[in-house]
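Laboratory data are not the source of any read-out in this text; all were calculated from the coordinates shown. This one's a predicted model, so the numbers in the text were calculated from it and none came from an experiment. FYI the Cβ positions are ideal-geometry reconstructions off the backbone, even for glycines, and counts take in every protein chain you see.
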């Protein structure tokens, strides 16, 4: 049965050492097909140089696709270029296959059987950003990821009838993030089966969970390094 893992801020990106987190889940680096980057903020892209170092040390030679909207890719490039004096002498470094995605609803972010990933703009203030919809063709499963956003109809459409919605709950709508209650309202409107709250601020999360469950009962806190299977 298909499964997904929560590494860092959600279901994509490379803030921090994402491959160390992957290995902590008991998975190896070699099967990684590519990297999806949603936006240019440091907690979503700052780990890219370390990502490249890890796949190089693991012996990867084939190109690594890095997919995202132009501002996100530009930030990843700048972060990587800052370490040019370090990595320019690394022999056998895998080529980076930069794949720019249009910042529009329905943009195809990734296709590699059996998964297809489409993107849609979300509301993160002045920072261009996208949410993602992962569709598994063979098993007919859908995972939606809000990324960082205030509650928006774009995520409702993206998550429509999904098995799971992974939605951030990092603050309030005034700072271009969602509350737990706001995420729950999106989940209810999208008629998803389950809501996982991620990217919450530090501190006691029980109150936020209660608020969300009062609106959408099938809500849980997404656990760092958690492995989740789709319902049969």
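Here are the numbers:
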quantity: Helix-only mean residue ellipticity at 222 nm for the chain, each DSSP H run of n ≥ 4 adding -39500 (n - 2.57), per residue, nearest 500; calculated: -7500 deg cm²/dmol
quantity: Sorted by Cβ neighbour density within 10 Å, fewest at the top, the residues 149, 79, 127; calculated: 127, 79, 149
quantity: In Å, descending, principal axis extents of the Cα set of the stretch 105-213; calculated: 40, 30, 23
quantity: Degrees between helix 48-57 axis and first principal axis of the chain (Cα, 0 to 90, nearest 10); calculated: 50 degrees
quantity: Over the chain, relative contact order from alpha-carbon pairs under 8 Å, at least 6 apart, %; calculated: 18 percent
quantity: Helix axis angle, 206-215 relative to the chain longest principal axis, alpha carbon, degrees; calculated: 60 degrees
quantity: Residue order, fewest to most beta carbons within 10 Å, for 51, 83, 230; calculated: 83, 230, 51
quantity: Acute angle (nearest 10 degrees) that the helix 180-190 long axis makes with the longest principal axis of the chain, alpha-carbon atoms; calculated: 80 degrees
